[in-house]
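What follows is a short report on a single structure.
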Amino acid sequence: MDNPGHRYLLRQDQALLLLVDVQEKLLPAMGHPERLQDSIATLLKACDLLSVPIVVTEQVPHKLGSTVQALRNLLPVEAAIFEKTSFGCGESPDILAFLNSLEREQVILCGLETHVCVQQTAHQLLERGFEVHLMSDAVQSRAKHNHKTAITRMIQSGVIPSTVEAALFELLADCEHPAFRGVQALIK
């Protein structure tokens, strides 16, 4: 994807949400699975309200299960779900082709695990010209040192760190946005 330069602030017409591998057998192994699930649920609901495309990946779902049901229930009909075997989404031709077809430059990245699939995805998307916004409160690893090291490494590589609340206010940009009250209700 040809990226004319970083915008730094998310734009509703340029962003997409990429939810990586929040699956039945992975989520319970995390230190704070409820907190992570709540953050991602807020993102999913808000992106649906804002018509931001949602892409979901599942790492070998026949072994790790599908996306957890509570999050799956929040996916809009048009959300794309991809199975994968590669850790990073940027190594999957189908996923990459779909992301490119959306003609969006900014990827809001969340999911599991920070130091494996999320980190590899972030680096692969950067290499392909995407601007990657990492939701630091919507990613986790089983071990804190893996999580912290991965976030540091991604930031050093050019990933833009953010939080769910900050990202949603960037997408809204103005309190006069028609979806403001709906998104604000999700954050409270």
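May I ask for the longest run of the chain untouched by GluC sites (Glu not before Pro) that are loop-located per DSSP and have at most 12 neighbouring C-beta atoms (other than their own) within 10 Å?
Numbers: sites that count: Glu78, Glu103, Glu176.
Excluding the exposed sites themselves, the longest stretch runs over 1-77.
Would you kindly derive the ³J(HN,Hα) couplings of the range 59-75 from the backbone phi angles with the Karplus curve 6.51 cos²θ - 1.76 cosθ + 1.60 (θ = phi - 60°), listing them in order in whole Hz, with x for Gly and Pro?
Going residue by residue, I get 7, 5, x, 5, 9, 9, x, 7, 4, 3, 4, 4, 7, 4, 5, 8, 6 Hz, with x marking Gly and Pro.
List the residues, sorted by chain then number, that are 5 or more residues from Val139 or on another chain and whose placed amide H is less than 5 Å from its amide H.
Gly111
Just to verify a number: what accessible area does Ile54 come out at with the full protein assembly present, 1.4 Å probe, Å² rounded to tens?
10
I need the phi-derived Karplus couplings for the range 130-142: 6.51 cos²θ - 1.76 cosθ + 1.60, θ = phi - 60°, integer Hz, Gly and Pro marked x.
7, 9, 10, 10, 8, 7, 4, 9, 10, 9, 8, 10, 5
Just to be sure I follow: if Rg is taken over the C-alpha atoms of the range 74-151 and Rh is the Kirkwood radius over the same atoms, what is Rg/Rh?
A ratio of 0.96.
Using the Cα centre of the range 8-55 as the reference point, and only Cβ charges (+1 on K/R, -1 on D/E), how large is the resulting charge dipole? Debye, rounded to the nearest 20.
Rounded to the nearest 20 debye, it is 80 debye.
Under 5 Å between amide H atoms, partner at least 5 residues away or on a different chain: which partners does Leu134 have, H built in plane at 1.01 Å?
Leu109, Ile160, Ser162
State the label only: which of [x] 34, 31, 20; [y] 22, 19, 17; [z] 35, 19, 13 corresponds to semi-axes √(5λ) of the Cα gyration tensor in Å computed from the shown model?
[y]
Would you kindly derive the ³J(HN,Hα) couplings of the range 82-95 from the backbone phi angles with the Karplus curve 6.51 cos²θ - 1.76 cosθ + 1.60 (θ = phi - 60°), listing them in order in whole Hz, with x for Gly and Pro?
Rounded to whole hertz, the list is 10, 8, 8, 10, 6, 5, x, 5, x, 8, 8, x, 5, 5.
Excluding ligands, DNA and RNA, what is the solvent-accessible area per residue of the chain at a probe of 1.4 Å, expressed in Å²?
47
Return the carbon/sulfur percentage of the accessible area of the chain, one whole number, probe 1.4 Å, all protein chains in place.
51
Along the charge dipole of the range 1-92, which of His62, Val77, Ala46 sits closest to the positive end, that is, farthest toward it, with unit charges on the beta carbon of Lys, Arg, Asp and Glu (+1, +1, -1, -1)?
Value: Ala46.
The values are calculated or read from the model by the stated rules, or taken from the named source; none is laboratory data. Small disclaimer: the values here were computed from a predicted structure and weren't measured. All Cβ positions, glycine included, derive from the backbone under ideal geometry; neighbour counts span all protein chains shown. Heads up: the accessible areas ignore ligands, DNA and RNA and are worked out on the full protein's heavy atoms, side chains in. Shrake-Rupley method; radii C 1.70, N 1.55, O 1.52, S 1.80 Å.
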